[in-house]
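As structure tokens, the structure follows; a few thoughts come after it.
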Amino acid sequence: MVVRTGVPAAARGAGNGTRCLMVLGAGPAQLPGIAKAVAAGHRVVTVDPYPDSPGHALAHASVRCDTRDLRGVREAAAALHVDGVCTFRSDVATLTVHRLREQLGLPGGHARAAGIMSRKDAFREFQRASALPYPAFVHGTDPAALCRGAAALGPLVFCKPADNCGLRGVSRIADTSRAGLEAAVARAQAWSPSGTVCIEAGIAGAEVGGDALFAGGALVFAAITRKCLEGVVVRGHRLPCGLSEADARRIEAALAEACALLGYRDGPLNFDVMVSEDTVTIIEMSPRNGGNGITDLVRHAYGVDVEALLVELALGRQPVLPARALPGGFGVVVLGASRAGRLQSLPTLQDWQRRSPNVVEVFYGRRQGEPVDALLHGGNAIGHAVFRCRDAGEYERTRRELACFDFLA
């Protein structure tokens, strides 16, 4: 069902051109991207199953539909004559975006590539078949077979649901006893819609992440971040990442090779890789821009707004990037609760700056009064804060200072 909204005051005068962009998802995470598309003068249609999602209020029209419902989204897109479709900071709608693009002949359709990247088991099989570096792995739905296979992978393994994201159901297992493996497999299967689990051997190296952008088959931009992890939970990112220029070029070459083999030519790419002295191993890739504040971090550090560039790519336009420059020193911390409860306080930017003058931006994906769980995976994040930092030491001091805030007090 299409629900047309009045054009809000913030968007008045926009949408008068011929380009219509459909955005899948209208929650808080998609709100900044929607605002940028409206500000650029495009007519924006949002798709989201929840009528009170905040992105609807900015859009020129909205569609109440599950973003995974390809048929429903396709019917709405055809009826509204959209010129492009995209999503922001979300894995949920990524496969629908690429299938819809291909079926309607819209720019940037890569359904096969998106399908492989969206499943950990399929991506590992792709790496093996393509002779790309990969961690030893087993996958399947039979717990007993998974445990037998995992026992041969080594003293450290990672157990993951094959078809979920945001570290939901992921376990890092240093003790590969039968009981430990069985518990990890059960946890992963509980988070997997298909009940499929992928267990991988740990590999040596420095773990980094980041966002990249492809246009016309070429890697036109990449920001490689140093990840801050507590166990398997991502607590933040830092730029610059501290790797040598040679290592950065090796990572870019590995991403470009994998995307060429997948046939992924146009669009954003979020990635996690392990880089050692002689090997770059891609842990995960996704055809979307990153969560956990990466896009805001990149905007401050490089002056590159990857969400604004994504809007242009989704409408078939060549993105215009500023001249390449070394990033300024910035970090981002993921904000979350240490225990389950109800949000009592969401400090303003000025409040955070009184705690640390280095803070330059804060974003919340939750509302005051909402129930929240402890930050055990990305889906439980409350938001993020971006701050200046001169080096790794200042990053860690500031991150810890901000991360200790009690949102439930």
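The values are calculated or read from the model by the stated rules, or taken from the named source; none is laboratory data. What you see is a predicted model, and the numbers here were worked out from it, not measured in a lab. Cβ coordinates were reconstructed from backbone atoms using ideal geometry, including for glycine residues, and neighbour counts include every protein chain displayed. Protein only, heavy atoms only, side chains kept; ligands, DNA and RNA dropped before computing areas. Shrake-Rupley method; radii C 1.70, N 1.55, O 1.52, S 1.80 Å.
Conditions: (1) under 30 Å from Ala37 (Cβ atoms); (2) of a type in the set (D, E, K, R); (3) at pLDDT 95 or above; (4) open to solvent by 50 Å² or more (accessible area, probe 1.4 Å). Glu125 meets all but one. Number of the miss?
Of the numbered conditions (1) under 30 Å from Ala37 (Cβ atoms); (2) of a type in the set (D, E, K, R); (3) at pLDDT 95 or above; (4) open to solvent by 50 Å² or more (accessible area, probe 1.4 Å), the odd one out for Glu125 is (1).
Working only within region 253-292, note down all residues that are surrounded by fewer than 17 Cβ atoms within 10 Å (Cβ to Cβ) and either touching a Cys at 6+ places or on another chain (Cβ under 8 Å) or within 29 Å of Cys389 (Cα to Cα) (or both).
Ala253, Arg265, Ser276, Glu277, Glu284
Looking at region 370-409, which of its residues are of a type in the set (Phe, Trp, Tyr) and part of a helix (DSSP H, G or I)? Don't jump to the end; show me each part of the working.
Let us first name the residues in region 370-409 that are of a type in the set (Phe, Trp, Tyr), namely 387, 395, 405, 407.
Hit for region 370-409 is Tyr395, nothing else.
So which residues in region 372-396 are open to solvent by 40 Å² or more (accessible area, probe 1.4 Å) and within 15 Å of Glu230 (Cα to Cα)? If you could, list the steps in order and put the result at the bottom.
So the first thing to find is which residues in region 372-396 are open to solvent by 40 Å² or more (accessible area, probe 1.4 Å), and the list is 373, 376, 388, 390-392, 396.
Answer for region 372-396, where residues must be open to solvent by 40 Å² or more (accessible area, probe 1.4 Å) and within 15 Å of Glu230 (Cα to Cα): Leu376, Glu396.
Filtering region 15-38 down to residues that are more than 22 Å from Leu106 (Cα to Cα) and either hydrophobic (A, V, I, L, M, F, W, C) or buried (at least 24 other Cβ atoms within 10 Å of the Cβ) (or both), which residue is modelled with the highest pLDDT? Spell out the reasoning first.
Pass one, region 15-38, residues more than 22 Å from Leu106 (Cα to Cα): 27-29, 31-32.
Next cut, either hydrophobic (A, V, I, L, M, F, W, C) or buried (at least 24 other Cβ atoms within 10 Å of the Cβ) (or both) only: 29, 31.
Numbers: Ala29: 89, Leu31: 92.
Among them, the one singled out is Leu31.
Among the numbered conditions (1) more than 25 Å from Ala35 (Cβ to Cβ); (2) within 18 Å of the chain's Cα centre (by Cα), tell me where Ala93 comes up short.
Of (1) more than 25 Å from Ala35 (Cβ to Cβ); (2) within 18 Å of the chain's Cα centre (by Cα), only one is false for Ala93: (1).
Considering every residue within region 157-170, establish whether at least one is farther than 25 Å from Gly379 by Cβ, open to solvent by 20 Å² or more (accessible area, probe 1.4 Å) and not charged (D, E, K, R). Talk me through it step by step, then tell me what you get.
Start the filter on region 157-170 by keeping residues that are farther than 25 Å from Gly379 by Cβ, which leaves none.
No, because not a single residue in region 157-170 is farther than 25 Å from Gly379 by Cβ, open to solvent by 20 Å² or more (accessible area, probe 1.4 Å) and not charged (D, E, K, R).
Which residue, of Cys147, Cys159, is touching a Lys or Arg at 6+ places or on another chain (Cβ under 9 Å) and assigned to a helix (DSSP H, G or I)?
Of the residues listed, the single one that is touching a Lys or Arg at 6+ places or on another chain (Cβ under 9 Å) and assigned to a helix (DSSP H, G or I) is Cys147.
Confirm whether Arg367 is farther than 30 Å from Glu102 by Cα, of a type in the set (Lys, Arg) and part of a loop (DSSP other than H, G, I, E, B).
yes
Search region 60-96 for residues being buried (at least 16 other Cβ atoms within 10 Å of the Cβ) and of a type in the set (Lys, Arg), and hand back the single one that is modelled with the lowest pLDDT.
Arg89
For (1) β-branched (Val, Ile, Thr); (2) open to solvent by less than 50 Å² (accessible area, probe 1.4 Å); (3) not in a strand (DSSP E or B), each residue gets a yes or a no:
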{"site": "Ala179", "(1), (2), (3)": "no, no, yes"}
{"site": "Glu207", "(1), (2), (3)": "no, no, no"}
{"site": "Gly210", "(1), (2), (3)": "no, yes, no"}
{"site": "Ile224", "(1), (2), (3)": "yes, yes, no"}
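Quick check on region 341-356: of everything there that is polar (S, T, N, Q) and open to solvent by 10 Å² or more (accessible area, probe 1.4 Å), which residue is modelled with the lowest pLDDT?
This residue is Ser345.
Check whether at least one residue in region 66-79 is touching a residue at least 24 places away in the same chain (Cβ under 8 Å), in contact with a Pro (Cβ under 7 Å, 6 or more places away or on another chain) and closer than 20 Å to Ser286 by Cα, and report yes or no.
There is no residue in region 66-79 that is touching a residue at least 24 places away in the same chain (Cβ under 8 Å), in contact with a Pro (Cβ under 7 Å, 6 or more places away or on another chain) and closer than 20 Å to Ser286 by Cα.
I want to confirm something. Restricting to region 301-340 and keeping residues that are open to solvent by 30 Å² or more (accessible area, probe 1.4 Å) and among the small types (Gly, Ala, Ser), which single residue is farthest from Ala385 (Cα to Cα)?
Gly316
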